[in-house]
Amino acid sequence: MKGIKKRLQKGEILIGTFLSLGNPVGAEIISKAGFDWVIIDLEHGLGTEGDVAGQLMGLKGSGVSAIVRVEGYQRQRIHKVLDVGVDGIMCPRIDHAAEAALAVQAMQYPPEGIRGVAKMIRASDYGENFDQYRKAAADLLGVIQIETIESLNHLDAIAAIPGVDVLFIGPSDLSMALGIFGQTDHPEFIAAVEKIILAAVKAGKHVGILLANPADLNKYHKLGVQFFACGTDASFLSKGAAQTASAMIKAREQISIS
């Protein structure tokens with residue numbers, strides 16, 4: 001464990017990004033960029049559970065915490081990737097406290113949770129350090145995405161669940177649910193963000209958000225957000241390629257003109 005939960009508890013502002021390509025070399029390159037954490041995306045990304053280990057190897061030694069966004073809160077989806085050795089779990093589209101409770105229970109071994117026990121796993125150095133790993137599992141970061149009207153209606157109950165560490169705002173899904181897709185400056189969206197932050201503060205939890213623009217970090221931090229994501233490995237590759245190609249096209253055109 002890389003102590004990401006403790007860093008949040010100390011009040012640090014943490015920045016991260018999404019890995020959506022499922023590629024270990026991409027993960028290794030991103031690990032050198034300066035992010036505090038990454039989310040290996042199994043919900044919308046191209047990778048599968050079988051691609052997680054390679055990406056973790058790409059991140060190894062970087063100090064970057066690895067969180068996996070699973071496809072659902074079911075126990076088998078969660079402990080499958082935990083056994084590979086990740087630092088936390090993000091669960092999308094959680095509507096009710098009961099679902100959040102199942103998600104965090106799946107992250108913990110009995111008696112606190114319902115996680116299945118296997119010693120010969122990568123997370124425990126293939127059995128060499130299982131006892132230490134089992135104790136350290138309490139430091140796994142539990143991230144619950146708030147993306148629906150139902151989740152907004154049950155915020156206090158969701159935030160109150162032990163093991164829910166971060167309420168993470170998905171702007172696209174949340175604004176879509178509110179009927180104002182993409183309008184993150186809309187008063188109704190801002191009101192929803194403030195409601196999420198209030199619920200988190202009351203429960204002693206933290207709030208995260210996916211930024212469309214890094215310049216918005218200060219605005220949301222003033223509201224009470226501490227855990228920020230921006231971009232994906234795919235978007236970085238796309239933008240970098242487009243910028244370089246555009247520059248080369250302009251240079252070629254200058255040759256043609258002259």
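The values are calculated or read from the model by the stated rules, or taken from the named source; none is laboratory data. This is a predicted model, so every value here is computed, not measured. Using ideal geometry, Cβ is built from the backbone for each residue, glycine included, and neighbour counts are taken over all protein chains shown.
Evaluated against (1) at positive phi; (2) modelled with pLDDT of 95 or more; (3) more than 15 Å from the chain's Cα centre (by Cα), Gly22 falls short on exactly one condition, (3). Within the stretch 44-56, being in contact (Cβ under 8 Å) with a residue 12 or more places away in the chain, more than 11 Å from Asp233 (Cβ to Cβ) and either surrounded by 15 or more Cβ atoms within 10 Å (Cβ to Cβ) or among the small types (Gly, Ala, Ser) (or both) holds for Glu49, Asp51, Val52, Ala53, Gly54, Leu56. Looking at the stretch 5-20, which of the residues that are in contact with a Leu (Cβ under 9 Å, 6 or more places away or on another chain) and in a loop (DSSP other than H, G, I, E, B) is surrounded by the most Cβ atoms within 10 Å (Cβ to Cβ)? So, considering only residues that are in contact with a Leu (Cβ under 9 Å, 6 or more places away or on another chain) and in a loop (DSSP other than H, G, I, E, B), the one surrounded by the most Cβ atoms within 10 Å (Cβ to Cβ) is Ser20.
So how many residues does the stretch 219-258 have that are at pLDDT 95 or above, outside any helix (DSSP H, G or I) and either loosely packed, with under 10 Cβ neighbours inside 10 Å or among the aliphatic types (A, V, I, L, M) (or both)? So the answer is 2.
Which of the residues spanning the stretch 23-43 are more than 19 Å from Val70 (Cα to Cα), touching a residue at least 24 places away in the same chain (Cβ under 8 Å), hydrophobic (A, V, I, L, M, F, W, C) and outside any helix (DSSP H, G or I)? Once the filter is applied, which keeps residues that are more than 19 Å from Val70 (Cα to Cα), touching a residue at least 24 places away in the same chain (Cβ under 8 Å), hydrophobic (A, V, I, L, M, F, W, C) and outside any helix (DSSP H, G or I), the stretch 23-43 yields only Phe35.
Tell me, yes or no, whether the stretch 137-157 has at least one residue that is of a type in the set (S, T, N, Q), farther than 28 Å from Phe181 by Cα, in contact with a helix residue (DSSP H, G or I) (Cβ under 9 Å, 6 or more places away or on another chain) and surrounded by 15 or more Cβ atoms within 10 Å (Cβ to Cβ). Spell out the reasoning first.
Taking the stretch 137-157 and keeping what is of a type in the set (S, T, N, Q), we get 145, 148, 151, 153.
Still in the running and farther than 28 Å from Phe181 by Cα: none.
So far as the stretch 137-157 goes, no, none of its residues is of a type in the set (S, T, N, Q), farther than 28 Å from Phe181 by Cα, in contact with a helix residue (DSSP H, G or I) (Cβ under 9 Å, 6 or more places away or on another chain) and surrounded by 15 or more Cβ atoms within 10 Å (Cβ to Cβ).
For residues in the stretch 199-218 being of a type outside the set (Gly, Ala, Ser) and crowded, with 16+ Cβ neighbours inside 10 Å, which is farthest from Ile4 (Cα to Cα)? Among residues in the stretch 199-218 that are of a type outside the set (Gly, Ala, Ser) and crowded, with 16+ Cβ neighbours inside 10 Å, the one farthest from Ile4 (Cα to Cα) is Asp216.
Of all residues in the stretch 58-74, those that are assigned to a loop (DSSP other than H, G, I, E, B) and modelled with pLDDT under 95 have Cβ atoms under 7 Å from Cβ atoms of residues that are crowded, with 17+ Cβ neighbours inside 10 Å and of a type in the set (Lys, Arg), 6 or more apart or on another chain, in Gly63/Lys2; Glu71/Arg77.
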